[in-house]
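Here's the structure, in structure tokens; my notes come after.
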Amino acid sequence: MPRSTSTYNTKRYNCLHCSQSFSTQGGLTKHRKSTHNPAQFLPPSTSARDLPSASASQHPEGPFENVQEHGGDLDGAVPPVVESSQYHPFLNTIRYDQDGHPVPKNAPPGPSNADNKDWKPFQNRVAFELGEFLYKEEQMSQRKINKLLELWAASLVEHGATPPYTSQQQMYDTIDTITVGDVPWETFSLKYSGEVPDGVTPSWMLANYEIHFRDPHLLVRQQLNNPAFKDGFDPIPRRDLDCKAGRKYDKDPVFQKFRWQLFHKFLAFVMHSLKPGMTTKQLVRCPDGYYRYVIYCLGPYIANYPEQALLTGIPFTNNFPRTDIHELIAPDLLHQIIKGTFKDHLVTWVGEYLTITHGKVAGNAILDDIDRRIAAAPSFPGLRRFPEGRRFKQWTGDDSKALMK
């Protein structure tokens, strides 16, 4: 019996919210449900002009206090992990065209500059979707990609044709040349310019320190212009509430001061392109296709505790308006609460207290009894057992959290 053959399905189901397309209706439906769910926020129910005016006595913490709170579930959406959202009462969401003129409320956004039929640097749509499938979706190994392309090429010999790629390397090289929306890397260097001691000069005083970065202003504009963020884009500011050089010179005060200055200078330089937009409004295209005026500001800085200590000692934010590094530091849950308060402070303090109060031998005996009690704890859903007690050499964050329970 002759083997049945099938033809390539050229029919595509296009997503109305983004540029992706699918070969089946089921694939499109799954994509819509997973990617384009209703937004996880509620717009403010009161316009800015209807809100009472703010005063220092009423709102000691700034204009964010004069807002409406919103909570509850949205139909068809996963409930957000927030108890309430406080929206800014004054910053509005007026829509503009690319020339800065307000547009009517129900007017559609202007056309995008992107060309959906331009598949460069790929030869065509098939080459693009093949690369996306092998590299992103399947994450197929290089050896298997080459094997697939060899079999594909063999099947096309009698037709005088070739597959979209001759090898996995050609596919990778094509992917690497994608430039749409790319922000180029920039480089500048810094060097120590202070006094040099007599005799042998430390290597760090002679070295050039190269800083590689991407312009944050261009990155922000690129993110705002990305339609993939359209359904999760909230233009109104809100607050979500819920309950290798070696270490030889680490102690050298001259080196410590230089490292402090190096960090300060490079952060100030990298962020300087955002500074004009912190005082003068700028017209940018947003994910929903409309233009809006924006004012930039630096948000919370997430870092572990050692980096927090370094950052708060170099007030690079002095160069920027309405910015204070001491207010931007976000809590470090691992190092300050789980590891800091519980392990490094509480557990260590209890051990030292027992030793001072009862002596080393008796103190260790009490700690052994604590270990036996921890090891004897019965199994229970949601609780982790420690058959050896809590005396293991290296604690992880998960270890600390389990012991805290």
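The values are calculated or read from the model by the stated rules, or taken from the named source; none is laboratory data. All values reported here derive from a predicted model rather than from experimental measurement. No Cβ is skipped: glycine too gets one built from the backbone with ideal geometry, and neighbour counts run over all protein chains shown. Calculation scope for accessible area: heavy atoms of the full protein, side chains included, ligands and nucleic acids excluded. Shrake-Rupley method; radii C 1.70, N 1.55, O 1.52, S 1.80 Å.
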Pairs only if they're at least six apart or on different chains, beta carbon under 8 angstrom, first in segment 187-212 and part of a loop (DSSP other than H, G, I, E, B), second open to solvent by 40 Å² or more (accessible area, probe 1.4 Å); list them, first residue then second. Y192/L206; G194/V254; P202/Y249; P202/D252; A207/K191
Suppose we filter segment 174-203 for residues that are open to solvent by 60 Å² or more (accessible area, probe 1.4 Å) and of a type in the set (F, W, Y); how many remain? 1
Exactly one condition in (1) aliphatic (A, V, I, L, M); (2) modelled with pLDDT of 90 or more; (3) not in a helix (DSSP H, G or I) is not met by V183; state its number. (2)
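Would you mind finding the one in R373, R385 that is out of contact with any Cys (no Cβ under 7 Å at 6 or more places or on another chain), assigned to a helix (DSSP H, G or I), of a type in the set (D, E, K, R) and more than 30 Å from S273 (Cβ to Cβ)? Outline the logic, then answer.
Numbers: R385 fails: assigned to a helix (DSSP H, G or I).
When all the criteria are applied, what remains is R373.
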Go through segment 337-378 and report how many residues are farther than 16 Å from M404 by Cα and either aromatic (F, W, Y) or at pLDDT below 85 (or both). 1
Which numbered condition trips up G382, out of (1) open to solvent by 70 Å² or more (accessible area, probe 1.4 Å); (2) closer than 25 Å to L334 by Cβ? (1)
Can you tell me which residues in segment 204-240 are farther than 30 Å from G289 by Cβ, out of contact with any strand residue (DSSP E or B) (no Cβ under 7 Å at 6 or more places or on another chain) and open to solvent by 50 Å² or more (accessible area, probe 1.4 Å)? L206
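Restrict the check to segment 330-337 and report whether at least one residue is within 25 Å of F258 (Cα to Cα) and open to solvent by 40 Å² or more (accessible area, probe 1.4 Å). Steps first, answer last, please.
Let us first name the residues in segment 330-337 that are within 25 Å of F258 (Cα to Cα), namely none.
No.
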From the set of residues in segment 252-293 that are under 30 Å from N208 (Cβ atoms), at pLDDT below 90 and charged (D, E, K, R), which is least open to solvent (accessible area, probe 1.4 Å)? D252
For segment 92-149, enumerate the residues that are among the aromatic types (F, W, Y), under 25 Å from L224 (Cα atoms) and in contact with a helix residue (DSSP H, G or I) (Cβ under 6 Å, 6 or more places away or on another chain). W119
Select from segment 357-367 the residues that are open to solvent by less than 70 Å² (accessible area, probe 1.4 Å) and over 44 Å from the mean Cα position of the chain (by Cα) and write down the one among them that is farthest from R390 (Cα to Cα). G359
Residue set M140, M171; condition at pLDDT 90 or above, part of a loop (DSSP other than H, G, I, E, B) and open to solvent by less than 70 Å² (accessible area, probe 1.4 Å); output residue M140
From the set of residues in segment 143-165 that are β-branched (V, I, T) and open to solvent by 80 Å² or more (accessible area, probe 1.4 Å), which is nearest to D182 (Cα to Cα)? T162
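Which residue out of L311, L298, L346 is under 20 Å from the mean Cα position of the chain (by Cα) and outside any loop (DSSP other than H, G, I, E, B)? It would help to see each step written out before you state the result.
Values: L298 fails: outside any loop (DSSP other than H, G, I, E, B); L346 fails: under 20 Å from the mean Cα position of the chain (by Cα).
Just a single option satisfies the conditions, and that option is L311.
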Condition broken by D115, with the remaining ones in (1) in contact with a strand residue (DSSP E or B) (Cβ under 6 Å, 6 or more places away or on another chain); (2) modelled with pLDDT under 80 satisfied: (1)
Of (1) on the phi > 0 side of the Ramachandran plot; (2) assigned to a helix (DSSP H, G or I); (3) among the basic types (K, R), R322 fails just (2)
